[in-house]
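Chemist: Before I ask anything, let me first share the structure, which is written out below as structure tokens.
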């Protein structure tokens, strides 16, 4: 039993059944397993795995339908479209549900593992199925797995890097870019060299690595339960560094940090506030909770709102700023998916520009998401229109196409990355406006579930819309039509996207005024 308990503690990172005590040993390699680097690497690998697997099987789908299932060649295109729709539909429906579940649980680690189980099951079904029904089921499971990975993974990154959300979303962009460019090349090469099953062996290997990383990782809020007293805290720690933050726990002589509401200092330290902070930190140690309102004393004059899941969701989705971000993501996804037949070129255009995503995210963290995203959408419009001039199979036209796609890839990074960070900025602003409305666990999972939902919708409509226009009026009209979508995204971003993000250290007076305005709004 002791050996089983030790193995379970290593895998889960959970404390013993009796709770943490002086004699309890922390999980093996706790500091390394709960570091920001490990968590970022794990989430990025999860996103890479999802994108890699999605693009990896593209070259082998016709083989699955004709040889494995036995369909005729005239039915391949139809069923390929149906399988794509199954994935996109499952992703659209499951994303908000996955986010809601992630916010309801005490740990984001277990939903990620659940998503991995769904991905492994879908891989098995897609590899060995000999019926169209099982292939459809496999694509549905793949969509559910993707919904969990994106919704929960992005929320976990925000938990880990709450003061550098844009940079965190930039890391997501890099993982996505690598998956998009590597998977089609590897899938096609392996299929031609070693056959159908060898492609899936690669998928199984990456899933196995993903399993190990997700089991190795420990969330910071779970790791805080194991921290012991070492040094007095200085009150200058960031939320992302458990080694510094945790040393306050149980240290009555430590100099406590100033209390905060929504990231705002509330004034001088008093005996009463010190006692309140120590009690809050002890409660965090026992429960693993990290809710912003449970760890802070409300500022004088700032109303505290009773948490209700339905009410908090309504407050979030009624925000014009959030709706603008979601529309921008929808437009960006539709622009990105405009040319599925030239996917290889589009992936290549996105690959190298994707590495500037953390820098674009830093701009959003510093100056807000509005202007970087607006600039990206505006730049997309003339670039998409200019694609209509690529009409001949000549060296000059090929060079022009590559240049246009490369610059377009950079513009898409500017339009997309800040919008992903804007989801968090909106939630933080609403928390400051209505303190306590989102409860201790917050709504980051729901927010990024809506993000994935909007992106899935745009990625589904985009190829269908572009294919219909290209098949009718033609290539030139299609480039104009897609440019109009990008222009509509620019308009919405310009008028409704928010100001600079609220960060820790905001003046308490402005926070109080914001909260009082929120009180009047709810009233």
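The values are calculated or read from the model by the stated rules, or taken from the named source; none is laboratory data. Given the structure is predicted, the values throughout are model-derived calculations rather than measurements. All Cβ positions, glycine included, derive from the backbone under ideal geometry; neighbour counts span all protein chains shown.
Chemist: Can you give me the number of residues within segment 64-83 that are touching a residue at least 60 places away in the same chain (Cβ under 8 Å) and surrounded by 14 or more Cβ atoms within 10 Å (Cβ to Cβ)?
Modeler: 5
Chemist: Based on this model, can you work out whether residue 466 counts as surrounded by 16 or more Cβ atoms within 10 Å (Cβ to Cβ), over 21 Å from the mean Cα position of the chain (by Cα) and assigned to a helix (DSSP H, G or I)?
Modeler: yes
Chemist: How many of the residues in segment 159-176 are surrounded by 22 or more Cβ atoms within 10 Å (Cβ to Cβ) and farther than 16 Å from residue 357 by Cα?
Modeler: The number of residues fulfilling the criteria is 1.
Chemist: Mind checking whether some residue in segment 172-194 is at pLDDT 50 or above and outside the structural domain of residue 126 (by TED's automatic domain parsing)? Working first, answer last.
Modeler: Our first condition is that a residue be at pLDDT 50 or above; within segment 172-194, this holds for 172-194.
With the extra rule that they be outside the structural domain of residue 126 (by TED's automatic domain parsing), the set shrinks to none.
There is no residue in segment 172-194 that is at pLDDT 50 or above and outside the structural domain of residue 126 (by TED's automatic domain parsing).
Chemist: So, one more: Quick one: count up the residues across segment 386-428 that are over 25 Å from residue 181 (Cβ atoms) and either surrounded by 17 or more Cβ atoms within 10 Å (Cβ to Cβ) or under 16 Å from the mean Cα position of the chain (by Cα) (or both).
Modeler: So the answer is 7.
Chemist: Being closer than 30 Å to residue 128 by Cβ, within 20 Å of the chain's Cα centre (by Cα), modelled with pLDDT of 90 or more and not assigned by TED's automatic domain parsing to the domain that holds residue 419 is the requirement here; does residue 148 meet it? Give the derivation first.
Modeler: Numbers: closer than 30 Å to residue 128 by Cβ: yes; within 20 Å of the chain's Cα centre (by Cα): yes; modelled with pLDDT of 90 or more: yes; not assigned by TED's automatic domain parsing to the domain that holds residue 419: yes.
Criteria met by residue 148.
Chemist: Go through (1) part of a helix (DSSP H, G or I); (2) under 19 Å from residue 312 (Cα atoms) and name the single condition residue 435 misses.
Modeler: All conditions are met except number (1).
Chemist: Okay, next question. Residue 126 - would you say it is surrounded by fewer than 23 Cβ atoms within 10 Å (Cβ to Cβ) and more than 16 Å from the chain's Cα centre (by Cα)? Step through it out loud before you land on a result.
Modeler: On the way: surrounded by fewer than 23 Cβ atoms within 10 Å (Cβ to Cβ): no; more than 16 Å from the chain's Cα centre (by Cα): yes.
Answer is no for this residue.
Chemist: Are any of the residues in segment 477-492 without any contact (Cβ under 8 Å) to a residue 60 or more places away in the chain, under 26 Å from the mean Cα position of the chain (by Cα), within 19 Å of residue 373 (Cα to Cα) and in a helix (DSSP H, G or I)?
Modeler: Narrowing segment 477-492 to residues without any contact (Cβ under 8 Å) to a residue 60 or more places away in the chain: 477, 481, 484, 491.
Those left that are additionally under 26 Å from the mean Cα position of the chain (by Cα): 491.
Pick out the ones that are also within 19 Å of residue 373 (Cα to Cα) and you get 491.
Next, only the ones that are in a helix (DSSP H, G or I) stay: 491.
Looking through segment 477-492, at least one residue is without any contact (Cβ under 8 Å) to a residue 60 or more places away in the chain, under 26 Å from the mean Cα position of the chain (by Cα), within 19 Å of residue 373 (Cα to Cα) and in a helix (DSSP H, G or I).
Chemist: Test residue 95 against the stated conditions and say whether it is buried (at least 19 other Cβ atoms within 10 Å of the Cβ) and within 27 Å of residue 37 (Cα to Cα).
Modeler: On the way: buried (at least 19 other Cβ atoms within 10 Å of the Cβ): yes; within 27 Å of residue 37 (Cα to Cα): yes.
The answer is yes for residue 95.
Chemist: Report yes if some residue within segment 482-491 is in the same structural domain as residue 361 (by TED's automatic domain parsing) and at pLDDT below 90; otherwise report no. If you could, list the steps in order and put the result at the bottom.
Modeler: Kept after step one, since they are in the same structural domain as residue 361 (by TED's automatic domain parsing), are these residues of segment 482-491: 482-491.
From the residues that got through so far, the ones that are at pLDDT below 90 too are 482, 485.
Scanning segment 482-491 turns up at least one residue that is in the same structural domain as residue 361 (by TED's automatic domain parsing) and at pLDDT below 90.
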